[in-house]
Amino acid sequence: MKPKTAVLLILSTSVFFACAIILADTLLEGTKWNQIVMYSLIALWWIPFVYLSVASKRSKQTAFNGTAE
């Protein structure tokens, strides 16, 4: 994966989850589920973020070494 593509995917995923967190916080304000949903959304965001970060780093290393993906 090209680093530029990974960065765009990370940004779009982060914006999506930020909107989801804001929406969930607004809808669940004052309930016992508020924190559970927040932490769950953050955990779900972390998975694609880490995957895309690793893919981007691998791509940079292969480009630096001169080998194709």
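No value in this document is a laboratory result; all are computed from the given coordinates. All figures in this text were calculated on a predicted structure; none of them were measured in a lab. Reconstructed Cβ throughout: ideal geometry from the backbone, glycine too, with neighbour counts over all protein chains shown.
Of note:
- Of all residues in segment 1-38 being over 14 Å from the mean Cα position of the chain (by Cα) and hydroxyl-bearing (Ser, Thr, Tyr), the one that is surrounded by the fewest Cβ atoms within 10 Å (Cβ to Cβ): THR26
- Residues that are in a helix (DSSP H, G or I), under 18 Å from LYS57 (Cα atoms) and among the hydrophobic types (A, V, I, L, M, F, W, C) within segment 1-47 comprise ALA6, VAL7, LEU8, LEU9, ILE10, LEU11, TRP46, ILE47, listed in sequence order.
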